[in-house]
Amino acid sequence: MMALPTRTPPTAMRLYVQRYLITGLLTFIPVWLTWVVFKAIFSLLSEINLPWVTALFEALAAAYPRTLGHINQGWLTSLLAFVATLLALYILGFAASRVLGRRLLGAFERLIARIPLAHTIYSGSKKLMSMLQTRPEGTQRVVLIDFPSPGLKAVGFVTRVFRDADGAELAAVYVPTTPNPTGGYLEIVPIERLTSTDWSMDQAMAFILSAGAAAPDRLAFRASGAASAPAPPGSEVASES
């Protein structure tokens with residue numbers, strides 16, 4: 001006599017559904033975060049040249065309606081604008097390393113200097129970019145600070161080291177948020193309260209964007225000048241025995 005197939009109990013079925021849903025969610029989140037970051041960068045770069053690319057495609061579609069009538073597609077204009085921006089950035093970097101390009105850049109900076117608000121934004125962002133490319137004096141670029149409360153640590157980027165009126169060394173530390181590092185906090189921290197790391201900028205950004213998933217196995221968690229934590233009561237007796 002043929003045995004009838006047994007039904008899966010409802011509890012086991014729910015466990016299977018929850019298991020695969022959680023597995024699918026954990027698989028989807030890294031892909032989604034990568035897409036969000038790439039989409040933000042793509043949109044930012046494509047919007048720079050999007051107006052003139054759109055106008056060019058519209059003119060071509062109007063001039064040649066039979067052959068190029070369908071060229072004015074949104075995804076195509078955005079893609080071409082993105083490529084045009086990358087090409088423009090490459091040309092700008094190449095020109096900035098040449099004598100003529102440096103002269104043109106200097107003329108542009110002199111023009112910006114005559115506009116008060118534009119000069120403040122341009123000079124501040126330029127100083128920040130140049131600082132992030134070099135190591136500050138007296139400390140590492142990527143550090144940990146006690147934020148938002150003592151006992152907790154946050155990844156920060158040292159943007160400047162200076163002294164107060166009493167001569168004590170202080171550091172301006174930018175603390176980015178996760179997973180969007182464009183927003184964050186600016187903290188002024190004494191140098192001795194910084195926890196130095198051996199991370200590069202790329203490693204720190206990967207740590208922030210991945211919400212801590214891309215992290216080394218070992219991490220310094222105590223400032224170099226901080227005193228060691230007191231031993232718990234009775235530890236000396238336990239060690240002697």
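The values are calculated or read from the model by the stated rules, or taken from the named source; none is laboratory data. What you see is a predicted model, and the numbers here were worked out from it, not measured in a lab. Every residue, glycine among them, receives a Cβ derived from its backbone with ideal geometry; neighbour counts consider all protein chains shown. With ligands, DNA and RNA removed, areas are computed over all heavy atoms of the protein, side chains included. Shrake-Rupley method; radii C 1.70, N 1.55, O 1.52, S 1.80 Å.
Screening SER224 against (1) open to solvent by 60 Å² or more (accessible area, probe 1.4 Å); (2) at pLDDT 85 or above; (3) of a type in the set (Gly, Ala, Ser) leaves a single unmet condition, (2). Could you look through the range 1-48, keep only residues that are in contact with a Leu (Cβ under 8 Å, 6 or more places away or on another chain) and at pLDDT 75 or above, and pick out the one that is farthest from ALA211 (Cα to Cα)? Checked the range 1-48; the qualifying residue farthest from ALA211 (Cα to Cα) is SER46. Do we find that LEU128 is open to solvent by 60 Å² or more (accessible area, probe 1.4 Å) and at pLDDT 80 or above in this structure? Judged against the criteria, LEU128 is not a match.
The condition (being touching a Gly at 6+ places or on another chain (Cβ under 6 Å) and either modelled with pLDDT under 75 or assigned to a helix (DSSP H, G or I) (or both)) is satisfied by just one residue among ALA95, ALA81, ALA62: ALA95. Among the strands (runs of 3 or more DSSP E) confined to the range 152-196, the ones with at least 3 residues that are in contact (Cβ under 8 Å) with a residue 40 or more places away in the chain and within 16 Å of ILE208 (Cβ to Cβ) are located at 153-163.
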